[in-house]
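The values are calculated or read from the model by the stated rules, or taken from the named source; none is laboratory data. Source: prediction; values computed, not measured. Don't worry about glycine lacking a Cβ; one is built from the backbone with ideal geometry, like all the others, and counts go over all protein chains shown.
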């Protein structure tokens, strides 16, 4: 049952992942990737420090930033 749920979610998220990749890949290859990786660095630092609250905050911030970027990119695709 869990595998089916994961596959279904992946199928739903796949197109968004492609959209994100097209937008972010060139930035990650340049020096302008800091904006998109800052939450990941914060999360790793929090995990190394065994700070669950800081890790949770970084994960939430990353999800929210990705959500906001997807909204922006999908709006651009629709115009």
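Take residue 54 and tell me if it is part of a helix (DSSP H, G or I), under 11 Å from the mean Cα position of the chain (by Cα) and either surrounded by 13 or more Cβ atoms within 10 Å (Cβ to Cβ) or modelled with pLDDT under 85 (or both). Give the derivation first.
Details: part of a helix (DSSP H, G or I): yes; under 11 Å from the mean Cα position of the chain (by Cα): no; either surrounded by 13 or more Cβ atoms within 10 Å (Cβ to Cβ) or modelled with pLDDT under 85 (or both): yes.
In short, no.
Test each condition in (1) in contact with a helix residue (DSSP H, G or I) (Cβ under 9 Å, 6 or more places away or on another chain); (2) surrounded by fewer than 14 Cβ atoms within 10 Å (Cβ to Cβ); (3) at pLDDT below 85 for residue 24 and report the one that comes out false.
(2)
In segment 27-51, how many residues are surrounded by 11 or more Cβ atoms within 10 Å (Cβ to Cβ) and either in contact with a helix residue (DSSP H, G or I) (Cβ under 7 Å, 6 or more places away or on another chain) or not in a loop (DSSP other than H, G, I, E, B) (or both)?
Residues that pass the stated criteria total 16.
Against the definition (loosely packed, with under 10 Cβ neighbours inside 10 Å, assigned to a helix (DSSP H, G or I) and under 17 Å from the mean Cα position of the chain (by Cα)), how does residue 11 come out, yes or no?
yes
Which one is modelled with the highest pLDDT, of the residues in segment 60-79 that are more than 16 Å from residue 27 (Cβ to Cβ) and touching a helix residue (DSSP H, G or I) at 6+ places or on another chain (Cβ under 8 Å)?
61
In the set 38, 44, which member is without any contact (Cβ under 8 Å) to a residue 40 or more places away in the chain and within 12 Å of the chain's Cα centre (by Cα)?
On the way: 44 fails: within 12 Å of the chain's Cα centre (by Cα).
Answer to the check: 38.
Criterion first (assigned to a helix (DSSP H, G or I) and at pLDDT 85 or above) does residue 18 satisfy it?
Against the criterion (assigned to a helix (DSSP H, G or I) and at pLDDT 85 or above), residue 18 qualifies.
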